[in-house]
Structure formats: structure tokens, C-alpha cells
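Chemist: Have a look at the structure that comes next, please.
The values are calculated or read from the model by the stated rules, or taken from the named source; none is laboratory data. Since we're looking at a predicted model, the values are computed, not measured. Reconstructed Cβ throughout: ideal geometry from the backbone, glycine too, with neighbour counts over all protein chains shown. We work out accessible area using only protein heavy atoms, side chains counted, and drop any ligands, DNA or RNA first. Shrake-Rupley method; radii C 1.70, N 1.55, O 1.52, S 1.80 Å.
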Amino acid sequence: MDEEDELPLLTAVSSSARQLYLLLRCINFAEKAHVQINEGGLQFSVDEASVMEGSAFISKDLFTTYTFRAPAPQRPSQREIGDSDDEEDEDPDETLPTFQISLPALLETLQIFGLTDTNTSKPPWARDNPASTATGGAFTNNVLGMNNMCRIAYDAPGSPLSIVLTEATIRTTCNLTTYEPAFNEEIPFDRQALALKTIMRGTWLYDAVSELSSTSPEKLTLWARTRGRKPYFALSSSGTLGSARVEFNNTPIRPPPPSNPPADTPPPASNLLETFQLSDPTSTFRASYKFSLIQRAARAMSVATKVSVRVDEQGVLSLQFMIEVEAGKVSFVDFRFVPLVEEDENEGDETQFLGGEGEESDGSVMEDEDERRA
Amino acid sequence: MVVLNFTLTPEAASKIHDLLVCLGKFSDTVAIEARRERLTFTALNSSKSAYAALTLEGKQFFSTYECIPSHGGLDGRFACSMYTKALLSVFKGRLYDPLGRDGAIDRCEVSVQDRADETQCRFIVKMICNQGVIKTYKLTYEAVDVMHALFDRNSATNRWSMNAGAMKEYIEFFGTKTEMLDIFAGEDGRAVFKSYTEKISNGKEILKHPLVTAVAVNTSDFEEFKVQPGLHIVISVKDFKAIVIHADTLKTSLKAYYSHPTRPLQFSYGCDGLLCEFTLMTSGDYNGATAPTPAPAPQIASRVASRAVSAATAEARDNRSMPPPVEPASRRSARREVGSRQPSSPPTRPQDDPESLFVNQGEEEDTQWEPVDYNNEEEALGWDASTDRNAGNFATFQDSGSFSRSDGVQGNADSMEGIAPTQRVSQIKGLW
């Protein structure tokens, strides 16, 4: 039933709406999302006041079938909403279909059959019964993997995005209105001029951000430096009740005691920061961002296997999350943040950290020294 | 400059979490008082009817413990007060995870930054996790003087002790909205814990829906039960629940000490260097079997014998500490004078109070007793800044060790008169 139509610009069938849902949920912080369809998959991007943007790329690998027919250039009759030459990556002149869609509505749609999602936390009675009573035996839809078919079709520019969810004998068709794309300038991020790049586990970052949120801070400051080839990365914030800082040191100050062996902790125990690059290793890197914006990426942090934290020379922060939606298949969700302008008050912050930290093995005076050297 | 550094194991840090959760049920702020050999968390609820002191032994509870107060010599202390919520956000749950998963810590280092050359004073908590993650919190604190409620166990003739786990099962039956808990020692070998709500109707208007739950427990189920038969004693259910739940986290036995209604009741439990004491105001059926008459005598006796008593009797009345606001300003100033000439104040005063103070009255009868002996009303508060129940000379009020108030109970009683119990000693420093 998925290949019945030759006409649509896009036809994609996924065996589970759950993966799409998991990915799109990560960027669910705005009403409207831009969708761009290209050969490789679907690009969903949302933006907040042009200071933050998030995008999720749903690769065609996540679909069992993915058919994209690039609109023929000689298609003047159709509305010219597709010219997305503002997208920097797929800049070639071809007109890729782009539209806006209501993200919350899309997420609601994908959840319609959440009850039979085997992996959800729904109670078993709600999960098993429909399928087993419908067909039963070895040929249940669950066994055949047919329980939760999701078919996405986009006929032509201007037409609604049609999502057909098939489950057992129930078929639901949702047509989501598409909107004209708004002029949407991407936050410029210069991959060639990075000031900082580090890769770590997503949960570490999630943990750090949730720790810092206890101080109900306004802004989040990133610190990074290298000393004696040892990387150091820290996030700090301060609020009315005090300040908090979470540091990541690649070399544990002391090895984990044998008394509580890290049972399920993966090898990164020794390498907290898998990659660590500073453009200027002699100085301390510092940049501040609005905390509430960073927090919007929290869901992505919590589900991501890894996160790549990059900051370019201008201070734009890019968080790229690698999310494993299914064993072996990874997808990426990106966030970009515009930095806050540094104020003088930050100097006070820094001295505070220097003073407070003074005693610990390697953490202390290095900032000081680094700066003197610089 | 104060030196306070200590290190906690994950287990100990998790215990701090538990105790903060418990203290958080009493007060929004928690005071920390550090001495050379121990650290005490105290909380006093807003109505001053419940006081909690959780003492951590320096050598036993901590991996390392060092405290050098800036002044006061051996008896010196460093005290500060913080939002319970702020501390709780640092000492989260699941700090101790035997599997060493995320969020588990390797150790926790706490220090206080209080130096003349620092612009900021901070309470610094450093959580060191296994994989090289270090979480540092710098919390603001308020320097305060901590006052302690005194309790004399010698005069608390009624006592019982029970496994906290068993007690926890009983409290689950209490209605969530009930306010009071009546602990009744029956004559038939049973103790009855009855939770109920007072003043459910005002005239014809029903204010609250009454739900009375009575849990009868065989006294043989107690580890110890020595209570005068027929004695009712009434405390707050909420406090009791908080205490039992915390005692249960330590898997220990909860011990109760009390004399009779309107006198303080103390719950005590602890293990592994953690000693928890909760002193609660009580009310009760003072017309009942617990004749008020026997009470005063032991009180006097113990007062004479040990000075702790003044305080002991006193804290029962932390509920009575409410009266001070109504006192006229003129009187307050008068009493301040008394306080200021405390060294010469007559030693006879304590003898006065048995008559006035130890008449058993409910707190509702404030009007009865309050005018009777105004001077001693303050004495009734019995706050002691020294925590040390057994110490001979009691400093009922002490200003962080800067004054060595060793001139005995009279002086203290008088010095107390200068201060409303709700007032920080630091606020009246100018008097001396």
C-alpha cells in the first residue's frame, strides 16, 4: 500500500512511529517546525527568537521505504514555496520542498498508537490485548512487526502532510496542515574556526545541567582549558542561593575505589571527554549562554549516547547529539545557541572560582597561570 | 577565620540527604553548628513547638573532620544557617549507589570559606564522582547563633522505645489531614496511638472533617515501655511522622522520653555517629490520671540537683514562647535592665518558678499563667546554646562562645530575661 502512488513528492514508510517520535520530541520547544525534504531524509528544524535553534534529521535509514521525487525544475505552475536555497548544506540550486508544520500536532499524531508501542511504559494489559485479540497466535502483528506502520506522504507543495498510521485492523489518517516557510536564517556556525570541541556522554551533560538548574540561574558559563595536556571542561552557573559548577576532568583525581566497582559504566571511565580540542590551548576558554535555552535541549541530552560540544570563534555553541533510536541506527539532533555578551561581572565570577578552588590538586591556580602566560 | 573541613563517604552523604529531608519537614532553614569534635544540624519550626538537633560525631560519622572555630577556644563553634532547599539540591538522593552508576559520588568534601581576605563567604560542597566529574556548590549562608532546647531526661520518667520500622507501619494508618497524635498508655497492657483533629467545629460550622485513627499496640511489642498508666500525651502527627520516617531510614529504635503533658517530649535515636534528638511541645489530658501534683516536686528537686532542669522544664514551653510578642514594650525594656545587671541578680528566682511554672496548664490557658509570674516566663524557654545536656554549668544563652557564662543558672536565667526567646542573641549583643 506504500507504493501505490507515483505522484507524491515524498512517500516514506516506517515500521514504527516511535523512532520519529523520540527524535522529534527532542526539539519540541516551539510551535512550528520547518521541514525540509531531501534525498537523504527529512530535516526538522525549530528556532527560538533567532538565538537558539534545534534540528533533527530523520535519515531515510529509519524508514523501510523512502521515496523522494525531487520536484522537476519545470514546475512553474506549482507554488514556489520550495526554494530553500537558504539552507546552507543543500545549497545546490535545486528546489527542495520546504514547509512549516505544527510540531506539537505532529507529535500528538505520532503518539496516537502509543498504546501498542511495545517499548513504552504502558501497562501490559493495554499493550498486549489489542494485538492478541485481533489476530492471535504466531501471526500477531507484533510478531510480524506490522503493529505500528507509519506512512508519511507529501503530495505536492501546499498539500497537507499526510500521516497514515496502521495498527492491527485500525488505520488512522492524519492530514497536517503545512504552512509557508518563514524566512529563517540559520544561526551561522563556522565549523572551520572552532574554539572548542569536545565529545562526551550525553547523560553527563544532562546531569551537569540538571545539577546547575538547582541554583535557578540566569546563565550558564562554559569553561575549558588545557593544562599539562590534561583537558578540563566545566559548566558553571550562579543564582541567589549560591553558585554551582560541574567539572569534567579527563584524568580522575584518584581511581575509583575497588569497594564500589563501576558495574555498568562503560570504558569512558578513564576518558570522560573523548575528544578535546582547544584552538588556543594556552588560554582559558569561556563563554556564557542563557540557561533557560540550554535547558530546552535537556531531553536530547537525556536520551543521547554522545554529545559533541563545539563552540566557534564567535562563541556560537553547537550541541550535536547522537541518539540511538534503535540498536545500531543512530540519528543526530543539533542545537545552536547564540552566546551572551560577556560582561565585566564575569571577571568577578572567575576570581571567585580561582579563589574558591585554590586547594585542589590541579584545578586551582591554573586559570591564573594560564592567563598570566597568555 | 574559621576552619571547617570535612569529608563524607557516599553513605554518609546519603544520610545527610535523609536528615535534611526530615528537617525540611520542620523548617525552611536549617542551622549548622560546628564544634571541634562534632557537627550539629538543628531546626526549629516556625511556631517553635518542635526542635530538632541531629548531631554527627566528628570521628565516627565523617571520613575526616576538622573544625577550628575562630574564637571561643575549646568550646567555640561556628554556626550558620541555610535554606534547607538549597542544601537538599546539593545533597540529593541517590548519592550513594552501590553499583556506582551516574549520580553516585566517590566522596564529598565540604569546607567553609570564611576568611577576611575573601570577598565572599561560602559554604562549599564538592561532590567528587568516580569518573572525574567534580560538582562544586558554593552556597550562601547566614551567620547565626544557634540556640538549643534543653531536655532533662532525669525528669522524664515515662519512656518507651520501639523499632522504627514497626512504628512506621503504624503511622501509615494515620489520616493524612489529622493534626494531633495522642499517645495513651492504657492500663490493660496496651498503648494507643490516636491521630485526630482538634476543633473540628466552630459553633455549628464544621471546619474539618474528623478522622480519628487509633492504633493499639501491645506494650510487649515495645522494646521498653515504662509509662505511667492512664497517661495521655499529645503531640503533632506531622512531626511524629517525619521523625519515624527518618528513624526508619537508619533502621534503628525510636526512644521517647517524657514526663507529663505540657512538659517537653523528646524522641531520640541514632546509630553510627549520628544522634537525632527531637524535642516537641506536648499537650494532653492534664485533668486525667496524670495528676499535676506529683510533677512539680520532682521538677524542683531536679532543678536543685542539676541545672539542666531549668532548661528541661523550659523547652516544654517552647510553645509558650509565643507569648512574648504580646508583652508590652515597656516591660521588655524593664527586663532588659534585669538582664544587664545579671551578675548581681538574686539567686532566689529559680525557687519561685515551681509555683508559677509547674502548674500544669494547657497552652490554651495562657491567660491563666501568663500574668502570674512574668519574670519567669522567659526562663521557661530554656534555650541553651551549648547543646550539652549533661554539662554542669548551663549557658542558657550564649553568644557563640565569646562570653563564657559560667556563673551558674541564676545568671543565665537572668540573662535570659533580657531576651525574647525568638530573638537572636546577636541582635542584643549591645547589651553586654
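Chemist: Specify which of the listed residues (B:Tyr83, B:Tyr170, B:Tyr65, B:Tyr96) is closer than 28 Å to A:Asn271 by Cβ and aromatic (Phe, Trp, Tyr).
Modeler: After ruling out the rest, the residue left standing is B:Tyr96.
Chemist: Okay, next question. Would you be able to tell me the number of residues in segment B:19-41 that are touching a residue at least 40 places away in the same chain (Cβ under 8 Å) and open to solvent by 10 Å² or more (accessible area, probe 1.4 Å)?
Modeler: Quick first cut of segment B:19-41, residues touching a residue at least 40 places away in the same chain (Cβ under 8 Å) only: B:19-36, B:40.
Filter once more, so that each one left must be open to solvent by 10 Å² or more (accessible area, probe 1.4 Å): B:21, B:24-29, B:31, B:35-36.
Looking only at that region, the number is 10.
Chemist: What are the pairs, 6+ residues apart or on separate chains, where a residue within segment A:197-226 that is touching a residue at least 40 places away in the same chain (Cβ under 8 Å) and more than 12 Å from every other protein chain (Cβ to nearest Cβ) has its Cβ under 7 Å from a residue that is open to solvent by 40 Å² or more (accessible area, probe 1.4 Å) and of a type in the set (A, V, I, L, M)?
Modeler: Sorted first by the residue in segment A:197-226, then by its partner, the pairs are A:Lys219/A:Leu340.
Chemist: Looking only at segment A:171-196, which residues are in contact (Cβ under 8 Å) with a residue 24 or more places away in the chain and out of contact with any strand residue (DSSP E or B) (no Cβ under 8 Å at 6 or more places or on another chain)? Show your work before the answer.
Modeler: Just the residues of segment A:171-196 that are in contact (Cβ under 8 Å) with a residue 24 or more places away in the chain, to begin with: A:172, A:174, A:176-191, A:193-196.
Result: A:Phe183, A:Glu185, A:Pro188.
Chemist: Next question, about the same structure. From the list B:Ser81, B:Ser63, B:Ser161, exactly one residue is more than 11 Å from chain A (Cβ to nearest Cβ) and over 25 Å from the mean Cα position of the chain (by Cα). Which is it?
Modeler: After ruling out the rest, the residue left standing is B:Ser63.
Chemist: Here is a follow-up. Is it the case, given these coordinates, that B:Ala149 is open to solvent by 10 Å² or more (accessible area, probe 1.4 Å), away from chain A (no Cβ under 11 Å) and in contact (Cβ under 8 Å) with a residue 60 or more places away in the chain? Step through it out loud before you land on a result.
Modeler: Numbers: open to solvent by 10 Å² or more (accessible area, probe 1.4 Å): yes; away from chain A (no Cβ under 11 Å): yes; in contact (Cβ under 8 Å) with a residue 60 or more places away in the chain: yes.
Here the answer is yes, as B:Ala149 does meet what is asked.
Chemist: Now a separate question. Answer with yes or no whether B:Leu74 is more than 9 Å from chain A (Cβ to nearest Cβ), more than 19 Å from the chain's Cα centre (by Cα) and free of Cβ contacts under 8 Å to residues at least 40 places away in the same chain.
Modeler: The answer is yes for B:Leu74.
Chemist: Determine, yes or no, whether B:Ser46 is in the same structural domain as B:Glu109 (by TED's automatic domain parsing), surrounded by fewer than 23 Cβ atoms within 10 Å (Cβ to Cβ) and in contact (Cβ under 8 Å) with a residue 40 or more places away in the chain.
Modeler: no
Chemist: Name the residues in segment A:193-245 that are assigned to a strand (DSSP E or B), open to solvent by less than 20 Å² (accessible area, probe 1.4 Å), hydrophobic (A, V, I, L, M, F, W, C) and closer than 20 Å to A:Leu340 by Cβ, would you?
Modeler: The answer is A:Ala195, A:Leu196, A:Leu220, A:Leu222, A:Trp223, A:Ala224, A:Phe233, A:Ala234, A:Leu235, A:Ala244.
Chemist: Could you list, in sequence order, all residues of segment B:123-132 that are farther than 16 Å from A:Ser237 by Cα, in a strand (DSSP E or B) and at the interface with another protein chain (Cβ under 7 Å from one of its Cβ atoms)?
Modeler: B:Ile128
Chemist: Next question. Against the condition over 21 Å from A:Ser213 (Cα atoms) and at the interface with another protein chain (Cβ under 9 Å from one of its Cβ atoms), how does B:Asp106 come out, does it pass?
Modeler: On the way: over 21 Å from A:Ser213 (Cα atoms): yes; at the interface with another protein chain (Cβ under 9 Å from one of its Cβ atoms): yes.
When the stated conditions are applied, B:Asp106 passes them.
Chemist: On to the next question. Given (1) of a type outside the set (D, E, K, R); (2) within 8 Å of chain A (Cβ to nearest Cβ); (3) touching a Phe, Trp or Tyr at 6+ places or on another chain (Cβ under 6 Å), where does B:Tyr141 come up short, assuming only one miss?
Modeler: Going through (1) of a type outside the set (D, E, K, R); (2) within 8 Å of chain A (Cβ to nearest Cβ); (3) touching a Phe, Trp or Tyr at 6+ places or on another chain (Cβ under 6 Å) one by one, B:Tyr141 breaks only (2).
Chemist: May I pose another question? Among the helices (runs of 4 or more DSSP H) contained in segment A:269-374, which hold 1 or more residues that are within 12 Å of the chain's Cα centre (by Cα) and modelled with pLDDT of 85 or more?
Modeler: In segment A:269-374, A:291-295, A:298-303 are the helices (runs of 4 or more DSSP H) which contain 1 or more residues that are within 12 Å of the chain's Cα centre (by Cα) and modelled with pLDDT of 85 or more.
Chemist: Which of (1) farther than 30 Å from B:Ile16 by Cβ; (2) open to solvent by 20 Å² or more (accessible area, probe 1.4 Å) is the odd one out, the single condition B:Pro261 does not satisfy?
Modeler: Tallying (1) farther than 30 Å from B:Ile16 by Cβ; (2) open to solvent by 20 Å² or more (accessible area, probe 1.4 Å), B:Pro261 fails exactly one: (2).
Chemist: Taking B:Tyr286 as meeting all but one of (1) at pLDDT below 90; (2) not in a loop (DSSP other than H, G, I, E, B), write down the number of the exception.
Modeler: (2)
Chemist: Something else: Pick from segment B:209-228 the residues that are surrounded by fewer than 18 Cβ atoms within 10 Å (Cβ to Cβ) and farther than 19 Å from B:Ser195 by Cα: which of them is farthest from the chain's Cα centre (by Cα)?
Modeler: Going through the qualifying residues, I end up with B:Ser220.
Chemist: Take the conditions within 14 Å of another protein chain (Cβ to nearest Cβ) and among the hydroxyl-bearing types (Ser, Thr, Tyr) and apply them to B:Thr197. Does it pass?
Modeler: no
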